[in-house]
1. For a quick check of your reading of the filter: which GluC sites (Glu not before Pro) in region A:122-201 sit in a DSSP loop and have no more than 12 other Cβ atoms within 10 Å?
2. Other chains' Cβ within 10 Å of A:81-88 residues: what's the mean?
3. Given the DSSP H assignment, sum -39500 (n - 2.57) over each helix run of at least 4 residues in chain B and divide by its residue total; what's the result at 222 nm in deg cm²/dmol, nearest 500?
4. Rounded, prolate or oblate: pick one for region B:1-55, where a ≥ b ≥ c are the square roots of the eigenvalues of its C-alpha gyration tensor, a/c under 1.5 means rounded, and failing that, prolate if a/b is larger than b/c, else oblate.
5. Please say if chain A is rounded, prolate or oblate, where rounded means a/c under 1.5 for a ≥ b ≥ c the square roots of the C-alpha gyration tensor eigenvalues, and otherwise the choice is prolate for a/b larger than b/c and oblate otherwise?
6. Could you list which residues have their amide H under 5 Å from that of B:C149, counting only those 5 or more apart in sequence or on another chain, with H placed in the peptide plane?
7. Between B:T286 and B:V229, what FRET efficiency follows from the Cβ-Cβ distance if R0 is 22 Å, with the result rounded to 0.05?
8. Neighbour counts of other C-beta atoms within 10 Å: give me A:R20, A:R223, B:R202 arranged from fewest to most.
Amino acid sequence: MVESREFSSYATASDKEHLRALLNPIQNPGRYKEAMKVLGSSLGEIVGTKVPKGSQCLVVSTAEDADYLSFGVIESLNKEFKTSAAVFWNNHYSLLYKDSVAPIVHQYLQPGYQASDVLVIVKSVISGSCVVRTNILALIESVNAKNIFIVSPVMHSASEAKLKEEFPKQVSDKFDFVYFALDNEKDDATGEVKPGIGGQIYELLGLTGQPARGSYMPDLVRRLAFE
Amino acid sequence: MTLADFVSIKFGSDVAATLKKINQGGTNNQKGTIFENHFAISKICEYASDYPEDVSDIHVTAQEIGFVDDICIQNTKLNKKINYQAKNSALGAADWTCDTTTRFSWQYSIDLEFHNCEISNQVLLVSCEQKKQSNDAKIPKTLKEYAFCEYFPYCKNNLELLQTYFPLRNHLEGLTGYKRLDQLDYALKLLSGVWGATTKKRSIKQIFDSASCDGFPNVFFNQTLQNDVAPEWLTMLIHDIPSLHGMNISVESMRVKVEFNGFEATANLVALETKPDPGDLDTLTTPLQLINFVFNRAQAELNQA
């Protein structure tokens, strides 16, 4: 199963171990969440080495990733950089023809986010380009980003080229993809990357479905906006 | 070794050149389709914005039977038909030729005598501004009343179109009430999906109705039905409960937007119109509780996707 996987030069033995942990979640969201947090922390450290000194980072996350993968990324970046958070509730669905859309229904943008000059787009797995693309589009006209990091533990091998193709060159030239593993396989029916992160992120994290279609409020947002 | 190298070695360089031409032809066809689709959608948005009262009377079709057939726009109220022949090229393929003149004059006769139109225009649509100018000079005097050459930019994808062709962005902003790029891109994707689903003749109203049905959330609303007043019970609640005073409510594109400290939750206006039962209302005393309430009311629409 893992033969179709290629690791990036960033992936350490420990990262590979945590990627493996994602593939064996067996009804254990707690372990899964922890593995995601650790992977986020590791990815954040790598991004931190690439971010120019004195930069202000905006970590952009889906609601489901906010408390785990993105939390780890934020924790690492916060050590060295002023870091804000943007969290989006995307309603991701397929249209009747082949395309899919992921409109943002609810959002949290940490006050002062506009001063950021580095965007760090975080996603637990990048299969197509839909969600990542939407979340970049939501911010590129209000944030003057010099660098755009696209950060994920696992990406499909075609995603980088596909995402670059969907943006004008002046935007895609700013993209820097930071990931641990590239998978070549994808389920034709669901679009799910194989082996990817072991299945659908919502169930694996113990959520009932997409946060936009429920009442899920990440602790990260609860703390930043409501306490 | 590339595939071209393989074919060249196996079958010879002539066959390799043929293969390259076949591939180029396919790519050009694809670019041509994108060009036509972008133009059609831009026109649909233009008419919907500029003539909202006529959206049931203006019909758009692709590839109908005719000599000028790429895009046809017919206003049944005015009995007017405009046909476009699209040429996405800066080269000879986009030149006004004798064949163009012949086909345009035939189509003009068909429109007037077979379709019984009172007004018929034929347009050669090109993606190069210089080509438009040189073509203008080639249109025979006898056709000048009804035949034209127009320029429309070729953009490789929806995003480039939104960022390059400002009339479309302006029209979409007006039609949706949104300004942010992701929201306009979503609206454009919904319209592209509906437009690309069939070449059948449809009114602009039918196209927008279908795009509305595909949207979760819906972003297209009949402008005349636009309501920018938030539900009274919600406004009163925020006014009456001191702990909710930092919250802001507005209505954008028929969605209620509830904001607090960087957070923004939205729900369809209709979903929030019904006042909660007194027992439930009493529980809405903190910003987080109210945001959670909006989340719950938003679910029904989103779960239809």
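FYI, it's all coordinate maths here, none of it is from the lab. Everything numeric here is computed off the predicted structure, so don't read it as measured data. Note that each Cβ is placed from the backbone with ideal geometry, even for glycine, and that neighbours are counted across all protein chains shown.
1. Working: sites: A:E141, A:E160, A:E165, A:E166, A:E185, A:E192; in loops: A:E141, A:E166, A:E192.
The qualifying sites are A:E141.
2. Values: counts 0, 0, 0, 1, 1, 1, 2, 1.
Whole-number average of other-chain Cβ neighbours for A:81-88 is 1.
3. On the way: 12 runs with 147 residues, N = 305.
When only DSSP H runs of four or more count, the value is -15000 deg cm²/dmol.
4. On the way: a/c = 9.62, a/b = 5.96, b/c = 1.61.
Since a/c reaches 1.5 and a/b is larger than b/c, the shape of region B:1-55 is classed as prolate.
5. The shape class here is rounded.
6. Here B:L124 satisfy the definition.
7. Working: r = 25 Å, r/R0 = 1.13.
After rounding to 0.05, the efficiency reads 0.35.
8. Values: A:R20 13, A:R223 10, B:R202 19.
Final ranking by Cβ density, sparse to dense: A:R223, A:R20, B:R202.
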